[in-house]
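The values are calculated or read from the model by the stated rules, or taken from the named source; none is laboratory data. As the structure is a computational prediction, the values presented were derived from the model and not from experiment. Positions of Cβ are backbone-derived with ideal geometry, glycine not excepted, and every protein chain shown enters the neighbour counts.
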Amino acid sequence: MTLPTGADDGRDVMAEFIPSSPLVALLGIQVGSLGDGEAVLHLPYRAELTTIGETVHGGAIATLADTAVMAACWCGAVPPENLRGSTVDLTVHYLAPASATDLTATARVLRRGRKICHAEVSVTDSSGTLVAHGVGTYQLG
């Protein structure tokens with residue numbers, strides 16, 4: 001990926017990257033907002049995301065959480081010359097089932113180093129119930 005024209009903040013990178021990522025598009029993840037060290041992403045409910053009945057698969061929830069952590073870590077960061085990054089660690093605790101509901105992931109940076117960034121993420125359903133909580137470590141560049 002190349003740096004978007006005029007980009008001086010990772011928010012610009014994420015605003016362009018998230019909608020163009022094949023897996024993100026397949027799942028239907030959408031950007032809600034991108035702030036300084038924060039990201040809010042949405043996953044609209046679809047039957048294809050379920051594991052049994054109307055329960056959203058834990059893998060879809062983890063992917064939403066991982067994508068939100070990645071976005072939060074890029075937001076507010078100066079984009080490195082080499083636009084690469086990877087999840088180093090992700091822990092997700094599932095707290096309640098998500099049944100036939102849209103999901104929202106809210107991630108925020110806890111600590112940012114030169115290349116390594118630590119963030120937390122909360123995933124809620126459309127009624128505001130906390131479905132999952134996690135922490136992630138992401139490497140930029």
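State all residues of the stretch 41-52 that are assigned to a helix (DSSP H, G or I) and buried (at least 21 other Cβ atoms within 10 Å of the Cβ); if no residue qualifies, say none. The answer is Leu49, and nothing else.
The residue list Val24, Val69, Val78, Val88 contains one member that is at pLDDT below 95 and either closer than 21 Å to Gly141 by Cα or of a type in the set (Phe, Trp, Tyr) (or both), which is Val78. Taking each residue of the stretch 61-77 that is in contact (Cβ under 8 Å) with a residue 40 or more places away in the chain and closer than 16 Å to Arg111 by Cβ and looking for partners that are surrounded by 24 or more Cβ atoms within 10 Å (Cβ to Cβ) and of a type in the set (Val, Ile, Thr) with beta-carbon atoms closer than 6 Å, six or more apart or interchain, yields Val69/Val121; Trp74/Val13.
The set of residues from the stretch 8-40 being of a type in the set (Gly, Ala, Ser), surrounded by fewer than 19 Cβ atoms within 10 Å (Cβ to Cβ) and part of a strand (DSSP E or B) comprises Gly32, Ser33, Gly35.
Listed by first and then second residue, the pairs with beta-carbon distance under 7 Å, at least 6 apart or on different chains, first residue in the stretch 37-53 and touching a residue at least 24 places away in the same chain (Cβ under 8 Å) and within 16 Å of Pro97 (Cα to Cα), second of a type in the set (Ser, Thr, Tyr) and part of a loop (DSSP other than H, G, I, E, B), are Tyr45/Thr101. The residues listed here are Thr129, Thr124; of these, the one that is in contact with a strand residue (DSSP E or B) (Cβ under 8 Å, 6 or more places away or on another chain), of a type outside the set (Lys, Arg) and in contact (Cβ under 8 Å) with a residue 12 or more places away in the chain is Thr124. Within the stretch 68-106, restricting attention to residues that are polar (S, T, N, Q) and over 16 Å from the mean Cα position of the chain (by Cα), the residue that is nearest to Gly37 (Cα to Cα) is Asn82.
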